Amino acid sequence: MIDPQRRAAYLEALGIDRWMVRQPSAAPTSAPAAVSSAAPAADADAWSELKRCVAECTRCELHRSRKQTVFGVGDPKAKWMVVGEAPGADEDRQGEPFVGAAGQLLNAMLGAIELPRETVFIANILKCRPPENRDPRPEEIRECLSYLHQQIEQVAPRILLAFGRVAAQSLLGTEATLAKLRGTVHRFGPRQIPVIVTYHPAYLLRTPSDKRKAWEDLKLARQVFAELPAEA
Ligand code: URA
């Protein structure tokens, strides 16, 4: 549970006035549900093996310029999984996704729906930094995507949040614009995991006027999660 003062700070970072925030009614909130013993846990051996494969990956040219791979961070049994685009300079240096300025805003966005960063799993489409923060190339995405698919398979989250165009298009296998992808519930993979698409926090730092729309997306995600059927 995030304390009310901290949540207020997160909402402020999103440009949301306190008076605008309605608590969800009697429905369960998006607070991370306790992990039930029936929850599919990431198998420790398979997880370590996947980490090793990523750390040693040379499938595309990005391995030549990276300082290190950025596998992902968080709870490998998380109910919520966040998908970003690719590591930047800070992430390449620290080996952890979303640790720079965009990461601060991401934390605030998650905090606004009462999801402390450590309770979700955060991964990127690419595990290596594209030089000069250029966009990922199609062939890089193609080579790297199976790592994310394996992460999703092993974490088995109940909901996926895609941040930004590259994350959304790559995850959903579409070329539709972000504007088209926002506001509806998409599905991923054989488990038909719901996917909610929103703006990338780096974009929101440049375009704060769209924070309001991002807040709508986050509320949609919270509602979709609250309405998920109970786990078997
Ligand atoms: N932007 C992303 O999409 N991912 C990161 O890890 C950092 C910035």
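All of the numbers you see were taken from the coordinates with simple rules; none came from a lab. Predicted, not measured: the structure shown is a model, and the values here were computed from it. Heads up, the Cβs are rebuilt from the backbone with ideal geometry, glycines too, and the neighbour counts pull from every protein chain shown.
If you wrap the chain's Cα atoms in a convex hull and average its projection over all directions, what's the area in nm²?
Convex hull of Cα atoms, orientation-averaged projection: 12.3 nm².
Kindly express, to the nearest 10 degrees and within the range 0 to 90, the angle between helix 4-13's C-alpha long axis and the longest C-alpha principal axis of the chain.
Compared with the principal axis, the helix lies near 60 degrees.
With point charges of +1 on the Cβ of Lys and Arg and -1 on the Cβ of Asp and Glu, referenced to the Cα centre of the stretch 41-166, which listed residue (G111, C53, C144) lies farthest in the positive direction of the dipole?
Of G111, C53, C144, it is C144.
Nothing charged except the Cβ atoms of Lys and Arg (+1) and of Asp and Glu (-1): what's the magnitude of the dipole of the chain about its Cα centre? Round to the nearest 20 debye.
Rounded to the nearest 20 debye, it is 460 debye.
How would you rank 183-192, 146-155, highest first, on the average number of other Cβ atoms within 10 Å across their residues? All intermediate terms of the calculation are to be shown ahead of the outcome.
Numbers: 183-192: 12.8, 146-155: 18.5.
Highest to lowest by the protection proxy: 146-155, 183-192.
Among the aspartates and glutamates, which have Cα under 15 Å from the Cα of K213 when same-chain residues fewer than 8 positions away are ignored?
K213 reaches E12, D17.
What pairs in K51/K219; K51/K211; K67/K219; K51/K79 have C-alpha atoms more than 30 Å from each other? Before the final figure, lay out each step's value.
Details: K51/K219 32 Å; K51/K211 34 Å; K67/K219 37 Å; K51/K79 20 Å.
Violating the 30 Å Cα-Cα cut-off are K51/K219; K51/K211; K67/K219.
Relative to the longest principal Cα axis of the chain, at what angle does helix 44-55 sit, 0 to 90 degrees, rounded to 10?
The helix 44-55 is inclined about 60 degrees to the chain.
Of the candidates E143, E56, E132, which one comes out as most mobile in a Gaussian network treatment of the chain with C-alpha springs shorter than 10 Å?
Looking only at E143, E56, E132, the biggest GNM fluctuation is shown by E132.
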